[in-house]
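Down below is the structure, laid out as structure tokens.
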There are 2 protein chains.
Amino acid sequence: MNPVERLMAATAEDMARVNALILNRANSHVDMVPELARYLIDSGGKRLRPMLTVAAAILFGKGQGSAINFAAAVEFMHNATLLHDDVVDESDMRRGKPAARMVWGNKASILVGDFLLGQAFMMMVETRDVDALGVLSSASAVMAEGEVFQLSKTGDLDTTEADYAEVIRAKTAVLFEAACEVGAMSGGADAAGRKALALYGMELGNAFQLVDDALDYGGEAGTLGKNVGDDLREGKMTLPVILALQSATDSERAIIASALGNAEASDLEVHQVVAIFNRYDTLGKTLAKAQDHAKSAIAALAELPGSEMKSILADVVVHSVSRAS
Amino acid sequence: MNPVERLMAATAEDMARVNALILNRANSHVDMVPELARYLIDSGGKRLRPMLTVAAAILFGKGQGSAINFAAAVEFMHNATLLHDDVVDESDMRRGKPAARMVWGNKASILVGDFLLGQAFMMMVETRDVDALGVLSSASAVMAEGEVFQLSKTGDLDTTEADYAEVIRAKTAVLFEAACEVGAMSGGADAAGRKALALYGMELGNAFQLVDDALDYGGEAGTLGKNVGDDLREGKMTLPVILALQSATDSERAIIASALGNAEASDLEVHQVVAIFNRYDTLGKTLAKAQDHAKSAIAALAELPGSEMKSILADVVVHSVSRAS
């Protein structure tokens, strides 16, 4: 079994309850709500975030309990974000099939996203754990803020590495962080344990997004359900682009600038940009940065007592960054 | 002074703190966030919902305290909804000026709406009042569900009065209800007082939306910052349409059906539809229904001890339904 499969096995009992709760809370007498929500939620995502919540709770000795609600809430928050992101990015595909907005339209995607967010908060409130609510509601605001920041940097050739680090922390790492932190809290972790899991989640999330951003240029079409160069055509200032612009000649810069944010850029233009990336090894450098974060994630677990779950969580990090190599 | 001005005077001290909190929490280092948020929030809305929260708290003896946070959260929830609604409805104007989406685009409107919702939850969590959090998070989910229901009924000639009642309860009345209920809770109301204010808010909200839906056909362009017949062109199945379809002849039905949901419907076509409404007095019947809800709102206050604030709240209802006469 690979590490994610081991994580799935180790959380299977709790995740069965999480999945039942997800199904139940995606329900509504308004037919379009469960239709759209389940289309997305059942579309083959690995449910990594809620598994991390449950795993963190188990790590500290207590699965079940409020971890079930937090895990389902985290997955709803994630899916609400995906629905809104696909509208914002005008994405046609998600997880290898047409995005929900292509089937039900942008309007329904926006509103069902709002519904999932509301349901997520209801599930959190049911735990009556105000501190964990603080972690998750803060994550929710930071995620949206990060998406606005990313939007404001669209096609901005002056975007810095620090800007990028802020974007991926806000739009991805913060939810991984919160997922792990509230899992640890509901599992009975002390302050040090809670902090360790929060750091683990954040660094795993950073590594995860860096790999995604490299894969967007290097993965094969269909594998991730999105086409090579989508980020480029959407004008997303990800690390491979930022690093390339740092070294590019004027003519290379012109090639990148012309394709960036051009929804109609041809495959040839995308390949020309990727050739520039390869010239300066920016995909390799992006993946090296992912490895740095992966090491930090594993190091965050160091002080915790050894256990099967701890070793799974460490191996999940290694597996997660190995997707792109 | 009219009743809303009296409400403003009676809540002025608390509302100064609410407004400061709103300004503060709409802030962000991402420039687009406060720019867009303040454009909407400072655009001359009366802040009726947060005033109701504060007024309900004062009614039971305690303003300030957590009522300030709840009031600001309610206003953020409302503004998040407006941002998303304007995208969904493709509205050009809001409160007499271009909608935020016309200035910053749909994408920013979606994401800043999400940000405001996240900030709303953070403000609620800070009160550590889990019961009030339950009321507001439930309202958030129900509101989104109601918007999806309304969307699914767009242009549906078979929409019933019961469907309409459900839509306005979910998309409008529930937030008025929650605003009043959490105000009462933070003011120290007992169970009966909390229930009375929840009912007051709900019935005021129902009356308010019915009047809005009548005004959409009868108000003068500019007065409400939207043009006569917008709901018709958007295909919204509001009560004036539903009642007209119940009595319409085949040819009248054809006229309504042809204009409904037709963004390009001419003013002449809209006037033809309004002429049908007038033939069956459906605007009058809609306003009569608003009056019924207004009476129920006032009746909900009956058991509470007399006070200046109670008399203001009752008069606000009367004033609110008199907008359209």
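For region B:119-129, the criterion of being of a type in the set (Ser, Thr, Tyr), in contact with a helix residue (DSSP H, G or I) (Cβ under 7 Å, 6 or more places away or on another chain) and in a helix (DSSP H, G or I) is met by no residue.
Of all residues in region A:177-196, those satisfying the criterion of being touching a residue at least 24 places away in the same chain (Cβ under 8 Å) and open to solvent by 20 Å² or more (accessible area, probe 1.4 Å) are A:177, A:181, A:185, A:188, A:189, A:192.
Considering only residues in region A:29-59 that are β-branched (Val, Ile, Thr) and touching a residue at least 60 places away in the same chain (Cβ under 8 Å), the one that is nearest to the other protein chains (Cβ to nearest Cβ) turns out to be A:33.
In region B:244-325, counting only helices (runs of 4 or more DSSP H) that sit wholly within it, the ones holding 2 or more residues that are under 18 Å from residue B:160 (Cα atoms) and open to solvent by less than 50 Å² (accessible area, probe 1.4 Å) span B:250-259, B:282-300.
Of everything listed in (1) modelled with pLDDT of 95 or more; (2) closer than 14 Å to residue A:115 by Cα; (3) away from chain B (no Cβ under 14 Å), the single unmet condition for residue A:25 is (3). Report whether or not residue A:87 is open to solvent by 10 Å² or more (accessible area, probe 1.4 Å), more than 9 Å from chain B (Cβ to nearest Cβ) and closer than 20 Å to residue A:33 by Cα. No. As a summary of the residue check, residue B:81 satisfies the conditions (1) over 29 Å from residue A:138 (Cβ atoms); (2) open to solvent by 20 Å² or more (accessible area, probe 1.4 Å); (3) within 16 Å of the chain's Cα centre (by Cα); (4) within 12 Å of another protein chain (Cβ to nearest Cβ) except for the one numbered (1). Kindly indicate whether residue B:4 is within 14 Å of chain A (Cβ to nearest Cβ), within 20 Å of the chain's Cα centre (by Cα), of a type in the set (Val, Ile, Thr) and farther than 19 Å from residue B:178 by Cα. So residue B:4 does not fit the description; no.
Only one entry of B:132, B:120 meets the criterion of being open to solvent by less than 20 Å² (accessible area, probe 1.4 Å), free of Cβ contacts under 8 Å to residues at least 60 places away in the same chain, more than 8 Å from every other protein chain (Cβ to nearest Cβ) and not acidic (Asp, Glu), and that entry is B:120.
Looking only at residues of region A:31-50 that are of a type in the set (D, E, K, R) and within 23 Å of residue A:172 (Cα to Cα), we find that the one that is most open to solvent (accessible area, probe 1.4 Å) is A:46.
Kindly check whether there is at least one residue in region A:217-233 that is within 11 Å of another protein chain (Cβ to nearest Cβ) and farther than 23 Å from residue A:51 by Cβ. The answer is no; no qualifying residue exists. Residue A:74 is checked against (1) open to solvent by less than 10 Å² (accessible area, probe 1.4 Å); (2) β-branched (Val, Ile, Thr); (3) at pLDDT below 95 and fails just one. What number does that condition carry? Residue A:74 satisfies all of (1) open to solvent by less than 10 Å² (accessible area, probe 1.4 Å); (2) β-branched (Val, Ile, Thr); (3) at pLDDT below 95 except (3).
Give me the residue from region A:135-192 that is acidic (Asp, Glu) and not in a helix (DSSP H, G or I) and, out of that set, farthest from the other protein chains (Cβ to nearest Cβ). Here the answer is A:190.
Among the residues of region A:90-110, the ones that are away from chain B (no Cβ under 14 Å), open to solvent by less than 60 Å² (accessible area, probe 1.4 Å), in contact (Cβ under 8 Å) with a residue 60 or more places away in the chain and among the hydrophobic types (A, V, I, L, M, F, W, C) come to 0 in all. Per the conditions (1) surrounded by fewer than 18 Cβ atoms within 10 Å (Cβ to Cβ); (2) under 26 Å from residue A:80 (Cα atoms), the sole criterion not satisfied by residue A:167 is (1). A residue that is in contact with a Lys or Arg (Cβ under 8 Å, 6 or more places away or on another chain), of a type in the set (A, V, I, L, M, F, W, C), modelled with pLDDT under 95 and open to solvent by 10 Å² or more (accessible area, probe 1.4 Å) cannot be found anywhere in region A:55-67.
The values are calculated or read from the model by the stated rules, or taken from the named source; none is laboratory data. Bear in mind the structure is a predicted one, so any value in this text is a computation, not a measurement. Counting neighbours? That spans all protein chains shown, and the Cβs are built from the backbone with ideal geometry, glycine included. Surface accessibility is based on the protein's heavy atoms, side chains included, excluding ligands, DNA and RNA. Shrake-Rupley method; radii C 1.70, N 1.55, O 1.52, S 1.80 Å.
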